1. Please determine, by comparing only the residues of the stretch 160-176 that are polar (S, T, N, Q) and touching a residue at least 60 places away in the same chain (Cβ under 8 Å), which one is surrounded by the fewest Cβ atoms within 10 Å (Cβ to Cβ).
2. Restricting attention to the stretch 141-159, report how many residues are of a type in the set (S, T, N, Q) and either touching a residue at least 60 places away in the same chain (Cβ under 8 Å) or crowded, with 16+ Cβ neighbours inside 10 Å (or both).
3. Check whether at least one residue in the stretch 190-209 is more than 21 Å from LEU42 (Cβ to Cβ), modelled with pLDDT under 95, surrounded by 17 or more Cβ atoms within 10 Å (Cβ to Cβ) and not basic (Lys, Arg), and report yes or no.
4. In the stretch 8-31, which residues are assigned to a loop (DSSP other than H, G, I, E, B) and either modelled with pLDDT under 95 or surrounded by fewer than 16 Cβ atoms within 10 Å (Cβ to Cβ) (or both)?
5. On the given criteria, is ILE4 under 21 Å from LEU184 (Cβ atoms), surrounded by 15 or more Cβ atoms within 10 Å (Cβ to Cβ) and touching a Ser or Thr at 6+ places or on another chain (Cβ under 7 Å)?
Amino acid sequence: MRVINYGPENKTNLPVSGGGTALVRGALLRRGATPGTDNGMLILASGTGANPDTIGILQEAHPTAADTAIDGTVFTKRPVDVTVPFRTVRIEYSVATADLIAATQAVSTTTITLTSLEDNIDAAFLYVVSGLGAGQTNYLTASAAGSATLKAAFGTSLDTTSRIIKILPRFHQLGSLTSDGVKLSSQAAAGSWTVIVLDTFLVRNGNEQQMSPVDHAALINLSTLTSLRFEADVAIRNQIPYSID
């Protein structure tokens, strides 16, 4: 892993939704936290509510028609100034066998069922590392404890030989590390490491791309590439000077 700097003088492009209302430049944005509606995107912080988990200030106007959609059909990024400077680490997802999720049954439709799958991971991605269907990505449009809905069925169905990584949705707050503390580990159940996932990247043969459900939900043959990795920008919430315990 390596340190990435975010701060009040640095803009970062993140997905935004006004929830059907146009947003003005300078609006304060917070983490969307409603499953099936605004997971994985930033929404308006306003009014007399608590507005938890504010992230930053919108740097350009955002019209209603451009709202990021949880179904993966619209993905609109806007420049956002992070409100509080904090250090972020970019961490690669492990594809080692010990850090993968085993498919517990065949997957041939838009429903995937995994034993003990965590709830509320709408806007996450899956990548099939090995076994039947290796090299494919998919995007979760909805999720419930134990199962999730895919944007579309895998082009090649999965079976119990398939091994998967779970690429956490943006602004997710729980993760897991590998045993050596170097990479992100995948497991069906929720992790216990308190973080905030700020962004997600696909790196193919050295070409880095910010992951989008419009462009990266149904990729195939990734396992044939010379080099491939998935990474996340993660802010560590529970630190010595800022303990949340």
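The values are calculated or read from the model by the stated rules, or taken from the named source; none is laboratory data. This is a predicted model, so every value here is computed, not measured. Reconstructed Cβ throughout: ideal geometry from the backbone, glycine too, with neighbour counts over all protein chains shown.
1. Keep residues of the stretch 160-176 that are polar (S, T, N, Q), which gives 160-162, 173, 176.
Still in the list and also touching a residue at least 60 places away in the same chain (Cβ under 8 Å): 162, 173.
Values: SER162: 25, GLN173: 17.
For the stretch 160-176, the residue satisfying everything is GLN173.
2. Of the stretch 141-159, the ones of a type in the set (S, T, N, Q) are 141, 143, 147, 149, 156-157.
Among the residues that remain, those that are also either touching a residue at least 60 places away in the same chain (Cβ under 8 Å) or crowded, with 16+ Cβ neighbours inside 10 Å (or both) are: 141, 143, 149, 156.
Adding up the residues that qualify gives 4.
3. Looking through the stretch 190-209, at least one residue is more than 21 Å from LEU42 (Cβ to Cβ), modelled with pLDDT under 95, surrounded by 17 or more Cβ atoms within 10 Å (Cβ to Cβ) and not basic (Lys, Arg).
4. PRO8, GLU9, ASN10, GLY19, GLY20, THR21, ALA22, VAL24, ARG25, GLY26
5. For ILE4, the condition - under 21 Å from LEU184 (Cβ atoms), surrounded by 15 or more Cβ atoms within 10 Å (Cβ to Cβ) and touching a Ser or Thr at 6+ places or on another chain (Cβ under 7 Å) - is met.
Conditions tested, residue by residue: (1) surrounded by 17 or more Cβ atoms within 10 Å (Cβ to Cβ); (2) under 27 Å from ALA144 (Cβ atoms).
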position	(1), (2)
PRO35	no, yes
ASP38	yes, yes
PRO52	no, yes
ILE55	yes, yes
VAL80	yes, no
SER108	no, yes
THR111	no, yes
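Every residue, every condition in (1) over 16 Å from the mean Cα position of the chain (by Cα); (2) assigned to a strand (DSSP E or B); (3) among the hydroxyl-bearing types (Ser, Thr, Tyr); (4) within 25 Å of THR12 (Cβ to Cβ), yes or no:
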{"site": "ASN138", "(1), (2), (3), (4)": "no, yes, no, no"}
{"site": "ALA152", "(1), (2), (3), (4)": "yes, no, no, no"}
{"site": "GLY191", "(1), (2), (3), (4)": "no, no, no, yes"}
{"site": "SER223", "(1), (2), (3), (4)": "yes, no, yes, no"}
{"site": "PHE230", "(1), (2), (3), (4)": "no, yes, no, yes"}
